[in-house]
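The structure appears below as structure tokens.
The values are calculated or read from the model by the stated rules, or taken from the named source; none is laboratory data. The shown structure was predicted, so the numbers you read here are calculated from the model rather than taken from an experiment. Here the Cβ positions follow ideal geometry from the backbone for every residue, glycine too, while neighbour counts run over all protein chains shown.
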Amino acid sequence: MDMDDVARRGLVLLGCGKMGQALLDGWLRGGLPAESVWVIDPAPSDAVRATGVHTNAGLPESPAVAVVAVKPQMMGDALPAMTALGGGATLFVSVAAGTPLARFAAAFGDATPVVRTMPNTPAAIGRGITALIGNVPATGDHLALAEVLMRAVGQTVVLQDEAQMDAVTALSGSGPAYVFHLIEAMAQAGTAQGLPADLALALARATVGGAGQLAEDSTDDPAQLRRNVTSPNGTTAAALDVLMDEASGFPALLQRAMAAAADRSRELSRG
Ligand SMILES: NC(=O)C1=CN([C@@H]2O[C@H](COP(=O)(O)OP(=O)(O)OC[C@H]3O[C@@H](n4cnc5c(N)ncnc54)[C@H](OP(=O)(O)O)[C@@H]3O)[C@@H](O)[C@H]2O)C=CC1
Ligand SMILES: O=C(O)[C@@H]1CCC=N1
């Protein structure tokens with residue numbers, strides 16, 4: 001199965017909010033014809049309607065893929081719309097946090113191939129990263145197709161164990177929000193040091209964007225890139241003394257924040 005099969009047999013997208021729309025944009029940008037896509041959503045946005053995809057129309061009999069992109073709390077209401085697609089012919093791909101593979105087997109039957117994924121919102125600009133894991137009925141071909149779909153919006157990594165999904169969700173799924181908050185916090189701190197708010201925000205955005213790109217592109221690891229900025233006894237060293245403090249610095253704070261996110265993911269999984 002490949003994107004030609006998806007174009008021929010169809011793709012159903014259940015839930016077209018922030019994540020669903022980012023994925024849809026990537027697939028359409030990658031050449032999937034709009035007429036091959038069926039969106040089910042209570043209120044598809046004008047942007048989604050303008051793409052020409054089918055919205056809330058009768059579903060094809062045997063689409064290649066059904067993508068589940070509703071909130072975990074909405075599964076009970078949303079999944080029944082897809083019951084007829086269970087059984088094996090259609091690959092299900094979920095992007096939902098805290099929703100185990102077993103939840104889909106319960107809804108669609110044990111023989112249904114399901115790939116659980118965790119993407120992130122930089123998918124909207126083709127810079128996402130998605131972790132994937134399949135259930136027992138999902139073959140290598142199914143996993144490969146799910147990877148092709150998610151590569152339309154960035155990089156992919158395949159997990160060895162579904163239990164890793166909680167930590168992945170805490171790191172790369174929720175992670176963009178931590179970075180956006182870092183930008184907010186840096187801008188506020190710049191304002192506290194006397195800069196006008198708009199200048200502080202422009203400096204913070206460009207600094208985080210540029211540093212992120214450098215970290216991704218460079219052959220140096222992040223620790224070396226940090227050292228490259230840090231002159232002995234200079235300004236960066238003064239700041240890092242605060243940020244790298246064992247008790248109150250970034251590492252301790254992020255440990256706590258990501259433990260809270262992973263715990264919440266486990267809690268959602270229990271229903
Ligand atoms: N946002 C993110 O950064 C990430 C999100 N995810 C996962 O993606 C999923 C969607 O999240 P996100 O896009 O942020 O949420 P959104 O609320 O933006 O999108 C969910 C969409 O589903 C629609 N919806 C609600 N009920 C139904 C239903 N019964 N049938 C079909 N569609 C329905 C909602 O419509 P309405 O708004 O009208 O209720 C909305 O458009 C979640 O499971 C989340 O865990 C995964 C990784 C990252
Ligand atoms: O906040 C959430 O639950 C979702 C999952 C990862 C990012 N957003």
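Of note:
- Selection within the range 1-41 - within 10 Å of ligand 1 (Cβ to nearest atom) and surrounded by 19 or more Cβ atoms within 10 Å (Cβ to Cβ): Leu13, Leu14, Gly15, Cys16, Met19, Gly20, Gln21, Ala22, Leu23, Val39, Ile40, Asp41
- Among the residues making up the range 109-129, a single one is in a helix (DSSP H, G or I) and surrounded by 24 or more Cβ atoms within 10 Å (Cβ to Cβ): Ala123.
- Looking at Thr51, Thr130, Thr99, just one residue is hydroxyl-bearing (Ser, Thr, Tyr) and over 17 Å from the mean Cα position of the chain (by Cα), and that residue is Thr51.
- Filter result (over 9 Å from Ala204 (Cβ atoms) and assigned to a helix (DSSP H, G or I)) within the range 171-187: Leu171, Ser172, Gly173, Gly175, Pro176, Ala177, Tyr178, Val179, Phe180, His181
- The range 112-140: number of residues that are at pLDDT below 95 and either more than 16 Å from ligand 1 (Cβ to nearest atom) or of a type in the set (Val, Ile, Thr) (or both): 2
- Residue check, Glu246 out of contact with any His (no Cβ under 6 Å at 6 or more places or on another chain) and not in a helix (DSSP H, G or I): yes
- Selection within the range 54-72 - touching a residue at least 40 places away in the same chain (Cβ under 8 Å) and either within 16 Å of ligand 2 (Cβ to nearest atom) or part of a loop (DSSP other than H, G, I, E, B) (or both): Leu59, Pro60, Ser62, Pro63, Ala64, Val67, Val68, Ala69, Val70, Lys71, Pro72
- Looking only at residues of the range 228-259 that are without any contact (Cβ under 8 Å) to a residue 24 or more places away in the chain and farther than 21 Å from Ala189 by Cβ, we find that the one that is nearest to ligand 2 (Cβ to nearest atom) is Gln255.
- Residue within the range 75-83 that is charged (D, E, K, R) and within 14 Å of ligand 1 (Cβ to nearest atom) present: yes
Yes/no matrix, rows are residues, columns are (1) at pLDDT below 95; (2) part of a loop (DSSP other than H, G, I, E, B); (3) closer than 24 Å to Ser172 by Cα; (4) within 16 Å of ligand 2 (Cβ to nearest atom):
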{"site": "Pro42", "(1), (2), (3), (4)": "no, yes, no, no"}
{"site": "Arg49", "(1), (2), (3), (4)": "no, no, no, no"}
{"site": "Ala81", "(1), (2), (3), (4)": "yes, no, no, no"}
{"site": "Phe92", "(1), (2), (3), (4)": "no, no, yes, no"}
{"site": "Ala107", "(1), (2), (3), (4)": "no, no, no, no"}
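- Among the conditions (1) surrounded by fewer than 22 Cβ atoms within 10 Å (Cβ to Cβ); (2) away from ligand 1 (no atom under 14 Å from the Cβ); (3) of a type in the set (S, T, N, Q), the only one that Thr90 does not satisfy is (1).
- All positions within the range 144-199 that are more than 16 Å from ligand 2 (Cβ to nearest atom) and charged (D, E, K, R): Glu147, Arg151, Asp161, Glu184, Asp198
- Flag: Ala66 matches the condition of being surrounded by 22 or more Cβ atoms within 10 Å (Cβ to Cβ), modelled with pLDDT of 95 or more and within 16 Å of ligand 1 (Cβ to nearest atom).
- Hey, Leu171 farther than 27 Å from Gly128 by Cα and surrounded by 15 or more Cβ atoms within 10 Å (Cβ to Cβ) or not: no
- Being surrounded by 15 or more Cβ atoms within 10 Å (Cβ to Cβ) and modelled with pLDDT of 95 or more is a property that Ser218 lacks.
- Whichever residue in the range 144-159 is among the aliphatic types (A, V, I, L, M) and under 13 Å from Pro122 (Cα atoms) and, among such residues, is surrounded by the fewest Cβ atoms within 10 Å (Cβ to Cβ): Ala152
- Members of the range 163-222 found to be of a type outside the set (A, V, I, L, M) and in contact (Cβ under 8 Å) with a residue 40 or more places away in the chain, listed by number: Asp166, Thr169, Ser172, Gly173, Ser174, Gly175, Pro176, Tyr178
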